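The values are calculated or read from the model by the stated rules, or taken from the named source; none is laboratory data. Here the structure is a predicted model, which means the values were calculated and not measured. Cβ placement follows ideal geometry from the backbone for every residue including glycine, while neighbour counts extend to all protein chains displayed. Protein only, heavy atoms only, side chains kept; ligands, DNA and RNA dropped before computing areas. Shrake-Rupley method; radii C 1.70, N 1.55, O 1.52, S 1.80 Å.
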Amino acid sequence: MAQPYVKKDDDHDDELEYSPFMGIEKGAVLQEARVFNDAQVDPRRCSQVITKLLYLLNQGESFTKVEATEVFFSVTKLFQSKDTGLRRMVYLIIKELSPSSDEVIIVTSSLMKDMNSKIDMYRANAIRVLCRIIDGTLLTQIERYLKQAIVDKNPVVSSAALVSGLHLLRTNPEIVKRWSNEVQEGVQSRSALVQFHALALLHQIRQNDRLAVSKLVGSLTRGSVRSPLAQCLLIRYTSQVIRDMSNHGQSGERPFYEFLESCLRHKAEMVILEAARSITELDGVTSRELTPAITVLQLFLSSPKPVLRFAAVRTLNKVSMTHPMAVTNCNIDMESLISDQNRSIATLAITTLLKTGNESSVERLMKQITNFMSDIADEFKIVVVDAIRSLCVKFPLKYRSLMTFLSNILREEGGFEYKRAIVDSIVTIIRDIPDAKEGGLLHLCEFIEDCEFTYLSTQILHFLGIEGPKTSDPSKYIRYIYNRVHLENATVRAAAVTTLAKFGFMVESLKPRITILLKRCIYDSDDEVRDRATLFLSVLGGDGTLDADKDSTEFLFGSLEVPLANMETSLKNYDPSEEAFDINSVPKEVKSQPLAEKKAQGKKPTGLGAPPAAPASGFEGYERLLSSIPEFAAFGKLFKSSSPVELTEAETEYAVNVVKHIFDNHVVFQYNCTNTIPEQLLERVNVIVDASEAEEFSELTSKALNSLPYDSPGQAFVAFEKPTGVPAVGKFSNTLTFVVKEVDPSTGEAEDDGVEDEYQLEDLEVVSADYILKVSISNFRNAWESMNEEDEHVDEYGLGQRDSLGEAIKAVIDLLGMQPCEGTETVPSNARSHTCLLSGVYIGNVKVLVRAQFGMDSSKDIAMKLAVRAEDVSVAEAIHEIVANG
Amino acid sequence: MELSPKVKNILLLDSEGKRIAAKYYSDDWPTNTAKEAYEKAVFSKTKKTNARTEVEVTALENNIIVYKFVQDLHFFVTGGEEENELILASVLQGLFDAVNLLLRGNVDKREALDNLDLIFLCFDEIIDGGIVLETDANVIAEKAGINSIDPNALLSEQTISQALATAREHLTRSLLK
């Protein structure tokens, strides 16, 4: 079998490296391009050279202006040749070279000649090239030919003219609009693509005339469109018309719904998909409208074509976010997709199932996912972990199996982001579900026994230090923590020492033992670890007086009063000198990042990352912010902070939203302002609040914002006094007042003189829901039964006519501002009655549970029976009052 | 508002992810570096999948990508995330079949490079500035294939050689299984 050595080598080379373009170089090809100038054109040779030029451009090579011009000029000479193949390549390279307007003039006459040629291919391509390179004045010259081309009997020519029209419409709308009649003729064409292109162009021409678009859709939906692509377009236009109509207050039966539904029976799959997707995206779609669309999507789920399965599961996934019940019928088909070869499909199927699954299917689902987890990439796993976290919040009773699942995957291999997602999820579950705490903490302990990520270890140790001492048997965590002192790097050891100290401080019985353990740490090789150990030993050995205890608590558990970023800048600016660094000199006002950065951050951090990463939002962040402002520090403990309410329309000069902070005797409005004008600097920004429609409130104090530069949000505050413990409600009108200073955009410096100005904001209301905290509980039944039955208050209410039960339930939840439990906020699609369970904490820290039973009669009148149990009877009465007044 | 289906790019990569031909119709990837990075991401995300019988699909960076492989060639068509996947798939299928016709069934990297002019023309006939121009493989191949078909050759002869080529490919495939 021995082959000659040389031959073998040749073969080898051939296989690995063969390419007709190997070693090709720009300079050489440009030299070669001189053949274009030969008196006798060699079409074959020239085609090859053009291909090489195109290859270079395609690989990302760029020509200098001079090079491009030179090539362009020589290429134009090739119009002499009659060879059709070469001509085709010439068209292509002219488009790629995109000549400048003064060069274009050289080819226009040749192209115009080709536009009127007898050869269809010449006509079609000359139009496309010409329209790509000409400007408005030339366009008027050739307009006549283009109109002719649109109605050309050859569909290729006609399509070329129509598509060129679509491109030209952007630069020369007034000219293209004159072609309406010809384009309309194109819509009636027998050729599928001509019809598609004509329809697209006709719609683009008329898009600003709502009536004309509506007429167009109206006439075409009666059925003269044959091409599937054109039909897809028509569906898009139809949904746009439907959207416009509902935006302009035309209600009643949806006018074109029947057309959309009929498209579900079209023979082309792309049309069916387009129609189904349009239906699911209708504003306020009802379950009756959804059903036929869901049915066809369900059929697609079991298609042999991956693209169809993907399209269907992707659409259903979206639907499940708003109408989970509508998708439950597809659950069985969806489950078989978990093992789909295509991982994108599998992941979408899982996340959909996790959203739509009911309580009873959780275990089965977890089992299936377990089999599947081992062979997917980390990024998919993170999606799954996130979905499981939300599932657990929805079905707190199932925390056991979900927690088991999370702890199992925590033990398996995985990257940092993935592990962090799991740890975050466990932490969230521990926070939300008290029953899950002890088990969850032990899982985390086991994880740090063998954790390669320092960041995660320290975060978990910190979390253990806060939660661990409050458990029934804190001593069992000590072993895990102390092991870290022996086995880990200095950073983790230091964190472990702090955690140990927290246990020792909080749990009196453990103090002697912790002291012994800490004593062992004072011989550590690392400075930081030794220092911490020594420090904590002295804290623990303190004299036990109240004052000392308070200081130590503050020291161990208190948070840094100043934002970390400010601290960092101040430390950087600090010059080592005789004068010590003064932490009080660090500004406390939170400087948010510029908008762009915020967007880049994307998802809001949750779990472990959340408290340190989000200083100005989230309850803890607000609490810290408010207590750092002396005027508000005396208001006591913050009860609730609302989510931000926008007081301005999107994209106005100044964007303002407000957060309502409720205290026992006070209400503080936090106005978050953003200046969106680069040329302005605002100073002394204040909000003037008119509380004439809120009688129980009296204005106490306000805190203006000194300076509000472009794109860097700041906060102004206004505080009100209100009667203690009473859920006072009212309406407030707001006006933003400020001094405007012009800013020179080039230097960024503001002028000295400013002008006073004001800006009307929208009204703001304090409602009853602001006085109730959403608190989820794991077992509603237990909680319900543990409350005194005698204190139960029951009443019935008529809610009037509503579109659906779900709508009524949402209205009640929004009114009360309570947390729906056990997933009872979702209603099966055609249910006539439903029970919704709510839990919350009323101002004054009174636990409230609500069981609301809804029923709907044939005329869609909804009745509600509301049973309320609270730790305090008067609160139960108050809840009823809220409902009665709502 | 633009409602027409839009194609963001068409890619033809080899079995190592190197660009054989690519055409971008959107400004999402302004530089060649950005384009190459995108191609690399697409390639590494899909290389382990089996897209040899059916058109496959995935999502990446808010885009939908449909793709199909044959021999050492990887075909991709990208559209926005709101795009109808089946429209993208019909573009891909049109491209794929047209290339198959133009290369007479011998679809591999070597053949593609030898006939790169045909591939470029094929791209040009399928999409014009992001708008779907034609999806019927026969029409595309006919329009792009003008200089490859020798006008003197008899139609029947061509079909026979084409049939032979297809048969040869089928044979190799079945042998490779």
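Of the strands (runs of 3 or more DSSP E) lying entirely inside the stretch A:696-779, those containing at least 3 residues that are aliphatic (A, V, I, L, M) and at pLDDT 80 or above span A:714-721, A:730-742.
Can we say A:Ser47 is within 22 Å of B:Leu113 (Cα to Cα), within 14 Å of another protein chain (Cβ to nearest Cβ) and surrounded by fewer than 16 Cβ atoms within 10 Å (Cβ to Cβ)? Lay out the reasoning, then the answer.
Numbers: within 22 Å of B:Leu113 (Cα to Cα): yes; within 14 Å of another protein chain (Cβ to nearest Cβ): yes; surrounded by fewer than 16 Cβ atoms within 10 Å (Cβ to Cβ): no.
Against the criterion (within 22 Å of B:Leu113 (Cα to Cα), within 14 Å of another protein chain (Cβ to nearest Cβ) and surrounded by fewer than 16 Cβ atoms within 10 Å (Cβ to Cβ)), A:Ser47 does not qualify.
Residues in the stretch A:554-589 that are among the hydroxyl-bearing types (Ser, Thr, Tyr), farther than 18 Å from A:Pro709 by Cβ and at pLDDT 75 or above were compared, and the one that is least open to solvent (accessible area, probe 1.4 Å) is A:Ser570.
Can you find even one residue in the stretch A:761-777 that is within 30 Å of A:Ile430 (Cα to Cα), surrounded by 15 or more Cβ atoms within 10 Å (Cβ to Cβ), without any contact (Cβ under 8 Å) to a residue 60 or more places away in the chain and of a type in the set (D, E, K, R)? No, every residue in the stretch A:761-777 fails to be within 30 Å of A:Ile430 (Cα to Cα), surrounded by 15 or more Cβ atoms within 10 Å (Cβ to Cβ), without any contact (Cβ under 8 Å) to a residue 60 or more places away in the chain and of a type in the set (D, E, K, R). Scanning the stretch A:408-446 for residues that are open to solvent by 20 Å² or more (accessible area, probe 1.4 Å) and more than 28 Å from the chain's Cα centre (by Cα) yields A:Asn408, A:Arg411, A:Glu412, A:Glu413, A:Pro434, A:Asp435, A:Lys437, A:Glu438, A:Gly439, A:Leu442, A:His443, A:Glu446. In the stretch A:92-125, what residues are among the small types (Gly, Ala, Ser), open to solvent by 70 Å² or more (accessible area, probe 1.4 Å) and closer than 24 Å to B:Phe123 by Cβ? Residue satisfying the conditions is A:Ser98 alone.
Confirm whether B:Leu176 is away from chain A (no Cβ under 14 Å), modelled with pLDDT under 90 and within 19 Å of B:Asp14 (Cβ to Cβ).
Here the answer is yes, as B:Leu176 does meet what is asked.
Of A:Ala39, A:Ala33, all but one fail to be among the small types (Gly, Ala, Ser), more than 51 Å from the chain's Cα centre (by Cα) and part of a helix (DSSP H, G or I); the exception is A:Ala33. On inspection, A:Asp114 qualifies as closer than 19 Å to A:Pro99 by Cα, more than 13 Å from chain B (Cβ to nearest Cβ) and in contact with a Lys or Arg (Cβ under 8 Å, 6 or more places away or on another chain). The stretch A:397-510 holds helices (runs of 4 or more DSSP H) entirely within its bounds, and those carrying 1 or more residues that are closer than 30 Å to A:Asn358 by Cα map to A:399-411, A:416-432, A:437-449. Only one entry of A:Ser592, A:Ser643, A:Ser617 meets the criterion of being under 21 Å from the mean Cα position of the chain (by Cα) and modelled with pLDDT of 80 or more, and that entry is A:Ser643. Of all residues in the stretch A:81-95, those that are on the phi < 0 side of the Ramachandran plot have Cβ atoms under 6 Å from Cβ atoms of residues that are among the charged types (D, E, K, R), 6 or more apart or on another chain, in A:Leu92/B:Asp124; A:Lys95/A:Arg132. Taken over the stretch B:37-51, the residue count meeting the criterion of being at pLDDT below 90 and more than 12 Å from chain A (Cβ to nearest Cβ) is 1. All conditions but one from (1) surrounded by 15 or more Cβ atoms within 10 Å (Cβ to Cβ); (2) at pLDDT below 90; (3) more than 14 Å from chain B (Cβ to nearest Cβ) apply to A:Glu182; the one that does not is (2).
Quick grid of which residues meet (1) under 30 Å from A:Gly636 (Cβ atoms); (2) open to solvent by 40 Å² or more (accessible area, probe 1.4 Å); (3) of a type in the set (A, V, I, L, M, F, W, C):
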site	(1), (2), (3)
A:Asp814	yes, yes, no
A:Gly817	yes, no, no
A:Glu825	no, yes, no
A:Arg832	no, yes, no
A:Leu837	no, no, yes
A:Val850	yes, no, yes
A:Met856	no, no, yes
A:Ala863	no, yes, yes
A:Ala867	no, no, yes
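Of all the numbered requirements in (1) within 22 Å of A:Tyr654 (Cα to Cα); (2) assigned to a loop (DSSP other than H, G, I, E, B), A:Asp803 misses one, and that requirement is (1).
Scanning the stretch A:78-91 for residues that are of a type outside the set (Val, Ile, Thr), open to solvent by less than 60 Å² (accessible area, probe 1.4 Å), part of a helix (DSSP H, G or I) and more than 10 Å from every other protein chain (Cβ to nearest Cβ) yields a count of 2. Got at least one residue in the stretch A:231-249 being modelled with pLDDT under 85, part of a loop (DSSP other than H, G, I, E, B), farther than 25 Å from A:Ala149 by Cα and among the polar types (S, T, N, Q)? No, there is no match, as no residue in the stretch A:231-249 is modelled with pLDDT under 85, part of a loop (DSSP other than H, G, I, E, B), farther than 25 Å from A:Ala149 by Cα and among the polar types (S, T, N, Q). Screening A:Ile272, A:Ile242, A:Ile294, A:Ile279 for residues that are among the hydrophobic types (A, V, I, L, M, F, W, C) and not assigned by the TED database to the domain that holds A:Ser227 leaves exactly one candidate, A:Ile294.
Taking the stretch A:338-375 as the range and being within 14 Å of another protein chain (Cβ to nearest Cβ) and over 23 Å from the mean Cα position of the chain (by Cα) as the test, the residues that pass are A:Asp340, A:Gln341, A:Asn342, A:Asp375.
Scanning the stretch A:88-145 for residues being at pLDDT 90 or above, among the β-branched types (Val, Ile, Thr) and closer than 20 Å to A:Ala68 by Cβ gives a total of 4. If the condition is being more than 10 Å from every other protein chain (Cβ to nearest Cβ), on the phi < 0 side of the Ramachandran plot and not in a helix (DSSP H, G or I), then the stretch A:268-298 contributes A:Leu282, A:Asp283, A:Val285, A:Thr286. Here the condition is being touching a Ser or Thr at 6+ places or on another chain (Cβ under 7 Å) and without any contact (Cβ under 8 Å) to a residue 24 or more places away in the chain; of B:Lys45, B:Lys18, B:Lys8, B:Lys40, it holds for B:Lys45 alone.
Filtering the stretch A:627-664 to residues that are of a type in the set (Val, Ile, Thr) and open to solvent by 50 Å² or more (accessible area, probe 1.4 Å) leaves only A:Val645.
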